[in-house]
Amino acid sequence: MLEKYLPADVPAEKRKEFLNILEEVTNSTGRLMLFAGDQKVEHLNNDFYGEGIPADDHNPEHLFQIASNAKIGVFATQFGLISRYGVDYPDIPYLVKLNSKTNIIPYEAKDPYSEQWLSVNDVVEFKKYSGVNIKGVGYTVYLGSEHEHSMLKEAANIVHQAHKNGLLAVLWMYPKGKFIQDEHDKHLIAGAAGVAVCLGADFAKVKVPYENSQFKPELLHEVVQAAGKCGVLCEGGKKINEEEFLKELYEQIHIGGTRGNGTGRNIHQRPLKEAIKMANAIYAITCENKNTQEALKILNS
Amino acid sequence: MLEKYLPADVPAEKRKEFLNILEEVTNSTGRLMLFAGDQKVEHLNNDFYGEGIPADDHNPEHLFQIASNAKIGVFATQFGLISRYGVDYPDIPYLVKLNSKTNIIPYEAKDPYSEQWLSVNDVVEFKKYSGVNIKGVGYTVYLGSEHEHSMLKEAANIVHQAHKNGLLAVLWMYPKGKFIQDEHDKHLIAGAAGVAVCLGADFAKVKVPYENSQFKPELLHEVVQAAGKCGVLCEGGKKINEEEFLKELYEQIHIGGTRGNGTGRNIHQRPLKEAIKMANAIYAITCENKNTQEALKILNS
Amino acid sequence: MLEKYLPADVPAEKRKEFLNILEEVTNSTGRLMLFAGDQKVEHLNNDFYGEGIPADDHNPEHLFQIASNAKIGVFATQFGLISRYGVDYPDIPYLVKLNSKTNIIPYEAKDPYSEQWLSVNDVVEFKKYSGVNIKGVGYTVYLGSEHEHSMLKEAANIVHQAHKNGLLAVLWMYPKGKFIQDEHDKHLIAGAAGVAVCLGADFAKVKVPYENSQFKPELLHEVVQAAGKCGVLCEGGKKINEEEFLKELYEQIHIGGTRGNGTGRNIHQRPLKEAIKMANAIYAITCENKNTQEALKILNS
Amino acid sequence: MLEKYLPADVPAEKRKEFLNILEEVTNSTGRLMLFAGDQKVEHLNNDFYGEGIPADDHNPEHLFQIASNAKIGVFATQFGLISRYGVDYPDIPYLVKLNSKTNIIPYEAKDPYSEQWLSVNDVVEFKKYSGVNIKGVGYTVYLGSEHEHSMLKEAANIVHQAHKNGLLAVLWMYPKGKFIQDEHDKHLIAGAAGVAVCLGADFAKVKVPYENSQFKPELLHEVVQAAGKCGVLCEGGKKINEEEFLKELYEQIHIGGTRGNGTGRNIHQRPLKEAIKMANAIYAITCENKNTQEALKILNS
Amino acid sequence: MLEKYLPADVPAEKRKEFLNILEEVTNSTGRLMLFAGDQKVEHLNNDFYGEGIPADDHNPEHLFQIASNAKIGVFATQFGLISRYGVDYPDIPYLVKLNSKTNIIPYEAKDPYSEQWLSVNDVVEFKKYSGVNIKGVGYTVYLGSEHEHSMLKEAANIVHQAHKNGLLAVLWMYPKGKFIQDEHDKHLIAGAAGVAVCLGADFAKVKVPYENSQFKPELLHEVVQAAGKCGVLCEGGKKINEEEFLKELYEQIHIGGTRGNGTGRNIHQRPLKEAIKMANAIYAITCENKNTQEALKILNS
C-alpha cells in the first residue's frame, strides 16, 4: 500500500527494507509522527531549562525516556546524542539529524549555513555495527541564505545516499534571510515543499502557514499539492495549549492533507509521564486515525 | 547522419549508445525539443500556482503526465523529482538537471551560484540499477557571476563525464550579474553560446535575442555561428499566445538556424490535454519538419 | 562501573580498549584531570615567559617533565610537540589537541576559526608505529563564530573517529564572537555543554560560570545537567592562589557535579618540583577523592 | 640538442616522448609557435564577430581549418572545443588550455580567478582513448590577484602532472589587479617570467614590454634572463599591420632572446587562406630561421 | 649524537635515513646553513636585477652554480626551479619550499595566504624516480593572517608527512597582518618559534629580534628557549656588509643559541666566485666551528 511512496533510487535489494521502515514508522498509514529532539544545538539550553520547563527536561536522557516509552514514529536528534545514549536505548526508532547550528548569530546578522556533520555512510556503518535502530536521516535547508547552494547540494546527496541504503530522508525546509518577508506565507511554504520533492525527500518539515497571523488548515492545500509525493509535516513550534495543539494537528492532517508532524517542545517540556501521554495523543491522531477527542482522552488518561 | 555531432571524448565503446540517444531524442533531425521542468526550484511555486494557472499544474505529477503522453525530446528536471516519480514513469526520456537555485535572492543583491547537486556518476549508476530512461544531463552556467569560475569548472566536468558515459550534455548559458546590461543582446548571447561549445556541450539553452525589445530570427545568426557544433536552443520563457509562440519557434529554427527549444511554462501551464497538444505541436515543428499551420492544427485537434 | 560512559559508536572490538583508557585516565572515578599544555600556540609565549613565570617554564620540555613526574589524567597538547619530545617521554598519557590558533587577531576583529590540523587516523597510526602512549584527542569549538559550522563538522567527525578507534574525545566548548555578551553566563555555558553531548564528546571543557563576576558551585548544576553523559571539566584559567584554586576545584566536583578539570597555567607556571606537587594536589581531589585540606598537604609536602 | 630543456620531473620512461614532442612542436629549434585560440571564452564573441572581422571567423571551425592547414607549433584551446571538433581534426598538435574566464567582470571590479576546468589526467586519458594528438597543456596565472594562491597551486600541479605524463606545460603569466600599475613594465614581466620558471613551466606567455608605450626588443633581456630555462613567448595581442607584426616578432626572437610567440587574433581574424599564410609566415620566423623579408614573401605568396 | 633531535613521528624504518640527512646537512653539528633561493616568487625579480646586483644573478642558474660549488647545508627553493635545473645539478642537497607568494599585494591591503603547491608525496616520489638529492621540505606560516588556520593545517601536515618519509621539515615563521606592531619584537618571535615546535618542525626560520631597532644576541635567548628542540634559524635579510653579517651570525649562534641561519641575498647578490666564498664563510661559522676572523679569511681568500 505504501509502495506508491517508493522512490526509484532505492535499489531493488533495498526496497523491502525501505518499505518495512516506512510501514513501521508510519504504522502503515504513510503518516509520520516525528519527535524532534535536535534543539540542544539549535536553541542551546533555552528549551530545556527555564521558566515553565520541568526539571525532568534539564537532562538529555529525558528525551530518550520519552522516546522509548511513548508511541512515536521516529526520534530525530544528532548522531552524538544517539551515540551517548544508544547503548541504553538501542531500540528507539531513530532519525539522525545530520546538520545543526546554534542560535547565537541572529538571522538578520548573517545568512545561516548549517553544514552536514557526518556522512550517510557513517550512519549506515554505525547502524550495522552498533545495532542501534536507525530508520532514517534528516537535514535542514535554509532556502534564501547565501549558502543555499551548499545546503541544496548536501541535501540532494543525503536523500540519495539514504535511499541507496534503504533509509528514509526527511528535510527541514526553512526559508531564511533578509529576502524573506513572512515565513508563514503559504505560497513561500509551498515553494519550499516543492524544493523538497525536487530533492527527492520522503518528508518535508515546514512552518505552519498563516493568514493574518492565523492558521487555517485550507492554507495547506497549496503546500501539500506542491509537495506531491513528498509528505508534508508541520512543525510543532513553541509549547501551546494541548487541546489547541491536538485540534490543529487533526485539521492539518484531515483538512490540510499533511502526512504527519514534527513535534519537540510540545512533548518534552513536560514531566516524563505527561510527555509520554502527549506523545501518545499526537501519535494517535497521526498514525492511529483517532480524532481530537480520542486523543485528548489519551492525554488525560 | 548525426555522426558529425559526435564529440571526440565519447569513447569508442560508447559511441553507438551516444548516437542512438541523439537519434532518439531528436527524431533523427539533430534538433532537440527539451521540455523544461526545473522551475519548482528555480521559481519556487510561482509557475505552478496562481492566476491563470490551471489546477492540474499544482501537482508535480502533471509534468510527468505530460512527458509520458506527449511527444517530447527530453524532459529536464531535478534528480529527486525523477526519483520520486520514476517508479511510475520509467520510460520518459529524462535529462537530469544537475544544478538549481531558488529565486529568493535577487540577482542585483548577490551574484548567483547554482552548485552541482549530484555527480554524473550518480546519474549513470542510477540509470543502470533503476531502469529509469535517462538520456542526458543538464547544468546552468551564470557567466559574469563572481562564482563563474566554479560553474565553468563544474560544467566542463559534467559535459566530459556525460560523454565518457555516452550521455548527452545540455548547458543553460545565462549571463547574469551587475555587469550585464541587456540579457537579450545578441552579441552577448553569441558569446555565451561560444562558451558552451568551448565547454563541449551538445546543446546550449540561451535567451532569445532582441533588437529594440523585439525578437527577429536573423539576430540568431551570430549566435548559431558562434556555437558551431553545439546546437542552440532558445528558451521558451513566460507563457504567451500559442500561435505567436509556434511561429516564433518555426522562425528560430528555419531562419535563425537553432537546433531546437527549451520550453516549460508554455507547455505545463495548461490542463493536461491541452498541455499534451501544445507539446506535440512544438515537437512537430522541432522534430517532424512541420510548419506553423500544421502545428496549429495539432494544437487545435 | 564506567560502562555507563561507553558510547554506542565504539565498536565491539574496541570497547575493552576504550573502557581501559577511561579507567586509567580517570583512576576508575570517571573524573578526568586534564593537564592543558596547548598554550604555546593559543597564547604564543605569553604563558611561558614574563613577570612571575619561573625560568623552568621557558622551555617546552618543562611540560613533559611535569607530565612524566606528576600524577595526571592526560597531558593535552599539539601533535608536533608530542612528536618532538615523544621519543624521550613515550609513557605520558597524551591527549592530542587537534586544532589551535594564535591570539594575534582579537575576537572583536574577526570571528575565530581554529581548523583541524591532522586527522584522527594520523594519530591512530602514529600511536601504533611510535609506541607513544596516546589516550585520546581534543578539539576546540567556537560556538557563535561565523565559522561555527566548520568546527561543528570537524568536532562531530573527530569524536566519531576517536570512538571508532577506541580513543577518548574531549571538546573545548567556547562561545565567542560579537553576539556573546558574557562568556561566564551559566545558561550560555550550559548551552555549550549541551552541544558537546550532541557531538558525542566524552568530556567538555568549559568556562567557569559566574554570577556577579563570582563563581558559585551551584551555578554548575544547569551546566552539568545539560551535558548529561558528557563529563564537564572547568577550565583552570589564569594562575591564582593555590588554596583558592583547590577549594574551588573541590566545590566544582562535589557541589557542582563536574567530572574533572582542565588546568594549565596553574600547574606549569611554577618551578618543576612545585608544579609536580600542584598537579598531584589537583589529581588528589579529582581522582583520589581527597578533600581540599588533604590536597593542600600534598602541595606543601 | 633539446635535452637541455628536459625537466627532472619527466620520469625516465617518458623522456623520449617528452623530447619527441618538444622537437616536433619546435621543429627542433626549441622555439614554439603557439596558435592561441582560447578567446571564445576569454573575450566572448568580440574577437570573432564585428567590424573588420571576416565571416570565416564567425564559426569556431575556422580555427581548426587554420590549424590543420597551416604550419604551427601547437593550437591552444579549451578541451571542449577540441572534443567537439577532434573527430574531424585529430591530427592538429593541440595544447589543452585548462582554465579560462570571461571578460564580463572588469579587473578593476574584482580580482580574477580563472579556475582549472579538468585535470591533466583527464587530458592524458582522452589523448589515449580518442587518438587526438595532444602535445601539452596550458594555464593562466593572474599574479597579484587575491586568488593568486589558488592559481599558483593549480599551475604547479598542472606543470608537474604534465611532465610526469611526458607532456609540455605552457603558462600564461599575467599580473592583474589593483596593485599593478603597468602591465607592460619590463621588470614586472621579468618577475612574472621568473615565477613561471619556479613553477617548472616549459614556456611562459607574457605581455610585450614597453618603454614609453613602445616596444624595444632590448627590454626583453631582463625577462628572458629571469626566465632561465623557461622559454619566453610574447603574446600577439590585438591585430596589427602584418609587416610590423613580423618585424617585431623577428626582433623579439633574435634581439630579445624569446623562444617563440603566442598569436591568436593576428592569425584568425582573416579569411582562411590569408590566415594560413600569416600562420606560415609566423612559423617561418619562429621555427624555420627565416627573416622578416622571407616571411613577408610567404605571406604575400 | 643528533638522536636527541629525532622526532617520534619518524617511523623506525626511516630513522636511519632521517638521522643521516640531519648529520649530512648539519655536518654533524645539528646546525643548518640554509641557502635561501625562493625569492624569485617572493620578491619577483627585485632581488635578481637592479642597482648593485651583478649580472651573474640575473639568471636563475646562478643559484644552482653557487649551491653546487659552495659548502651549504641545503638549498631551499621551489619544486619547479629544482625540476628545471635538476637534471644538470642533481647532487645539490635540496630543500623543497612548498609554498610561495608574490609581493604584489601589500600586507596592509590583504592578509597573506601562501598556499601549499605540491604534496610531500609528490616530493618523495620525485626524489625516488629522478635521483635528485632532496633532503627536506619547507613552508611559510603567516601567523596573525586571517588565513592562519589554513597555513597551520598545511604546516602540521607537511611536517608530519616529511617525517613519515624520513625528510627534514623547516618552517618559515612570520607573523604578519594588521595586528602585528613590530615584526622584530623578541617576544613575538619567541611566540612564533614556539608555534613551530608545536607544529613539530625541525627548524624554524624567524626574523632577527631587535631592541630599539638594533640586534643584540641576548634577545635570542627567549626565542631559542621557546623553540625547545626546534632549531632556530635567523633570516639573512637584505644584503649588508660582509664582516658585520658574519659577526652577527657568529653571535646569533654562540651567544644567542640559534642552530643556523637562512641566507639568500647576502650570498647570491654577488658574482659567482664571491658568492661561493661568502657561502663558504657562512658555512664555516655555522657548521665548522670557525670564528668570525677565520670566516673572513675564507671570504677574502
At 37 °C and 0.692 mPa s, the Stokes-Einstein diffusion coefficient in µm²/s for region D:144-301, with hydrodynamic radius from the Kirkwood sum on alpha carbon pairs, is 201 µm²/s
Built amide H within the under 5 Å cut-off of E:PHE48, gap 5+
none
Is there a quick way to get the dipole size of region D:228-290? I mean about its Cα centre, with the Cβ of Lys and Arg at +1 and of Asp and Glu at -1; what is the value in debye to the nearest 20?
220 debye
Cβ-Cβ FRET estimate between C:LYS297 and C:GLU3, R0 fixed at 30 Å, reported to 0.05
0.30
Of E:ASN121, B:GLY256, B:GLY194, farthest towards positive along the dipole that unit charges on Lys, Arg, Asp, Glu beta carbons give the protein assembly as shown
E:ASN121
Region C:214-228 versus region E:179-224: alpha-carbon centroid distance in Å
42 Å
Using the Cα centre of the protein assembly as shown as the reference point, and only Cβ charges (+1 on K/R, -1 on D/E), how large is the resulting charge dipole? Debye, rounded to the nearest 20.
2300 debye
Hey, for B:GLU108 with labels 7 Å out along Cα-Cβ, what do the inter-copy distances come to in nm, ordered shortest first?
2.3, 2.3, 3.7, 3.7
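Distance check, please: which entries in A:LYS178/D:LYS101; C:LYS207/C:LYS247; C:LYS128/E:LYS14; A:LYS97/A:LYS164; D:LYS14/D:LYS128 exceed 20 angstrom between their Cα atoms?
A:LYS178/D:LYS101
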Given a cut-off of under 8 Å on Cα pairs at least six residues apart, what relative contact order in percent is computed for chain C?
20 percent
P(r) over all Cα-Cα pairs of the protein assembly as shown, 20 Å bins from 0 to the longest distance, whole percent per bin, short to long, reads 9, 32, 35, 20, 3, 0
Of all accessible heavy-atom area on chain C, the percent that carbon and sulfur account for (1.4 Å)
44 percent
Region C:17-116: mean projected area of Cα convex hull, nm²
8.1 nm²
Got a sec to turn the phi values of region B:18-32 into Karplus ³J(HN,Hα) couplings, 6.51 cos²θ - 1.76 cosθ + 1.60 with θ = phi - 60°, whole Hz, x for Gly and Pro?
4, 5, 4, 4, 4, 5, 4, 6, 10, 6, 6, 9, x, 10, 10
Chains E and C: how much accessible area gets covered up at their contact, both sides added, probe 1.4 Å, in Å² to the nearest hundred?
3400 Å²
Scattering profile of region C:47-206 at q = 0.14, 0.17, 0.18 Å⁻¹ [log10 I(q)/I(0), Debye over alpha-carbon scatterers]:
-0.78, -1.07, -1.16
Label 7 Å beyond Cα on the Cβ vector: C:ASP88 copy-to-copy distances, nm:
4.6, 4.6, 7.4, 7.4
Helix-only CD estimate at 222 nm, as mean residue ellipticity for chain B, using -39500 (n - 2.57) per DSSP H run (n ≥ 4)
-12000 deg cm²/dmol
Kirkwood hydrodynamic radius, computed over distinct alpha-carbon pairs, for region C:197-240: how many Å, to one decimal?
11.3 Å
Scanning chain D for GluC sites (Glu not before Pro) in DSSP loops with at most 11 other Cβ atoms within 10 Å, what's the longest stretch left with none?
D:109-301
So which chymotrypsin sites (Phe, Trp or Tyr not before Pro) in region E:118-168 pass both tests, a DSSP loop state and at most 13 other Cβ atoms within 10 Å of the Cβ?
none
Using alpha carbon centers only, region C:81-152 is separated from region A:1-26 by a whole-angstrom value of 43 Å
Tell me which of E:TYR139, C:LEU167, E:ASN45 sits at the most positive position along the dipole axis of the protein assembly as shown, charges placed on C-beta atoms (Lys, Arg +1; Asp, Glu -1).
C:LEU167
Given the protein assembly as shown, what percent of its DSSP beta bridges are antiparallel, to the nearest 5?
10 percent
Using θ = phi - 60° and the Karplus relation 6.51 cos²θ - 1.76 cosθ + 1.60, list the HN-Hα couplings for region B:84-94 in order, rounded to whole Hz, with x at every Gly or Pro.
5, 10, x, 5, 7, 10, x, 8, 4, x, 9
Expressed in nm², what is the orientationally averaged projection area of the convex hull enclosing the Cα positions of region B:2-299?
13.9 nm²
Distant-in-sequence amide H partners of E:THR258 (H built 1.01 Å from N, under 5 Å)
E:ILE253
Once Lys and Arg get +1 and Asp and Glu get -1 on their Cβ, which of B:ALA109, B:LEU2, B:LEU233 lies farthest toward the positive end of the dipole of chain B?
B:LEU2
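Exactly which trypsin sites (Lys or Arg not before Pro) in region A:205-301 are in a DSSP loop and have at most 12 other Cβ atoms within 10 Å?
Details: sites: A:LYS205, A:LYS207, A:LYS229, A:LYS238, A:LYS239, A:LYS247, A:ARG259, A:ARG265, A:LYS273, A:LYS277, A:LYS290, A:LYS297; in loops: A:LYS207, A:LYS229, A:LYS238, A:LYS239, A:ARG259, A:LYS290.
In loop regions of region A:205-301 (DSSP not H, G, I, E or B), the sparsely surrounded trypsin sites (Lys or Arg not before Pro) are A:LYS238.
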Going 7 Å from Cα along the Cα-Cβ axis for the label, what nanometre distances separate E:SER213 from the same residue across the other copies?
4.2, 4.2, 6.8, 6.8
Sequence order, region E:59-76: Karplus ³J(HN,Hα) from phi using 6.51 cos²θ - 1.76 cosθ + 1.60, θ = phi - 60°, Hz rounded, Gly and Pro as x, gives 9, x, 4, 3, 4, 6, 5, 4, 4, 8, 10, 9, 7, 9, x, 9, 10, 9
Interchain or long-range residues, amide H under 5 Å from D:GLN78's placed H
D:LYS97
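The values are calculated or read from the model by the stated rules, or taken from the named source; none is laboratory data. Note that this is a predicted model, so its numbers are computed, not measured. A quick note on method: Cβ atoms are made from the backbone with ideal geometry, for glycine too, and the neighbour counts reach across all protein chains shown. What goes into the accessible areas is simple: the full protein's heavy atoms, side chains included, and nothing from ligands, DNA or RNA. Shrake-Rupley method; radii C 1.70, N 1.55, O 1.52, S 1.80 Å.
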